[in-house]
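Following: one structure in structure tokens, then a few remarks.
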Amino acid sequence: MGTVALAACGGGDSSSPADQGGSGESGPPAQPGQRIAAVNDVPVGGSTVITTPSGQEAVLARESDTKVSAFSAICTHQGCAVTAEGAELRCPCHGSMFDAFTGAVKQGPATEPLPSIAVTVENGEIVTA
């Protein structure tokens with residue numbers, strides 16, 4: 001069973017809890033065990049934008065067959081929605097770039113990584129933890 005992180009908006013690292021607050025949240029945090037997507041919906045080596053069960057925009061990235069990461073799709077610079085471009089996440093507003101597998105800033109002006117929420121892979125499904 002793999003582990004994953006699903007992002008919420010706010011500061012923090014990839015081990016941040018799902019209920020971490022911040023701008024860009026559009027609903028309550030997801031409850032544990034909620035399905036996010038099928039693992040096969042995310043290409044190996046790539047990423048995709050989704051909406052979480054709580055209504056947040058998020059990005060899922062699949063580094064390998066079993067390693068999936070998820071982060072907020074809201075740029076930590078000024079709150080624009082990032083786009084998924086393979087192994088990178090790009091902000092179309094001011095040019096920030098993030099690593100799709102870690103959420104780390106690769107290029108500013110953003111200085112904070114994309115925050116995450118723990119999820120797991122169960123029976124081929126990505127679910128909240």
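The values are calculated or read from the model by the stated rules, or taken from the named source; none is laboratory data. None of these values were measured; they are calculated from a predicted model. Don't worry about glycine lacking a Cβ; one is built from the backbone with ideal geometry, like all the others, and counts go over all protein chains shown.
Quick check: anything in segment 1-9 part of a loop (DSSP other than H, G, I, E, B), surrounded by fewer than 18 Cβ atoms within 10 Å (Cβ to Cβ), at pLDDT 80 or above and not small (Gly, Ala, Ser)?
No - not one qualifying residue is present in segment 1-9.
When you check Ala100 against the structure, is it under 13 Å from the mean Cα position of the chain (by Cα) and on the phi < 0 side of the Ramachandran plot, yes or no?
The answer is yes for Ala100.
May I ask you to list the residues in segment 39-98 that are of a type in the set (Phe, Trp, Tyr) and in contact with a Lys or Arg (Cβ under 7 Å, 6 or more places away or on another chain)?
Step one: list which residues in segment 39-98 are of a type in the set (Phe, Trp, Tyr), which gives 71, 98.
Matches in segment 39-98: Phe98 only.
Only one residue in Ala73, Ala58 is of a type in the set (A, V, I, L, M, F, W, C) and free of Cβ contacts under 8 Å to residues at least 60 places away in the same chain. Which one? Give the derivation first.
On the way: Ala73 fails: free of Cβ contacts under 8 Å to residues at least 60 places away in the same chain.
Being of a type in the set (A, V, I, L, M, F, W, C) and free of Cβ contacts under 8 Å to residues at least 60 places away in the same chain holds for just one of Ala73, Ala58, which is Ala58.
Quick check: anything in segment 112-120 outside any loop (DSSP other than H, G, I, E, B) and modelled with pLDDT of 90 or more? Quick ask: steps written out before the conclusion?
So in segment 112-120, the residues outside any loop (DSSP other than H, G, I, E, B) come out as 118-120.
So of that shortlist, the ones also modelled with pLDDT of 90 or more come out as none.
No.
Scan segment 76-119 for residues that are of a type in the set (S, T, N, Q) and surrounded by fewer than 17 Cβ atoms within 10 Å (Cβ to Cβ) and report the count.
Residues meeting the conditions: 4.
Say whether the condition of being among the β-branched types (Val, Ile, Thr) and within 24 Å of Asn123 (Cα to Cα) is met by at least one residue in segment 77-100.
No, the conditions are met nowhere in segment 77-100.
Go over the candidates Gly33, Gly27, Gly21, Gly12 one by one and state the one that is closer than 18 Å to Glu125 by Cβ and either in a loop (DSSP other than H, G, I, E, B) or modelled with pLDDT under 85 (or both).
Of the residues listed, the single one that is closer than 18 Å to Glu125 by Cβ and either in a loop (DSSP other than H, G, I, E, B) or modelled with pLDDT under 85 (or both) is Gly33.
Restrict the check to segment 49-72 and report whether at least one residue is at pLDDT 90 or above, among the basic types (Lys, Arg) and buried (at least 18 other Cβ atoms within 10 Å of the Cβ).
Checked against the condition, which is being at pLDDT 90 or above, among the basic types (Lys, Arg) and buried (at least 18 other Cβ atoms within 10 Å of the Cβ), segment 49-72 yields at least one hit.
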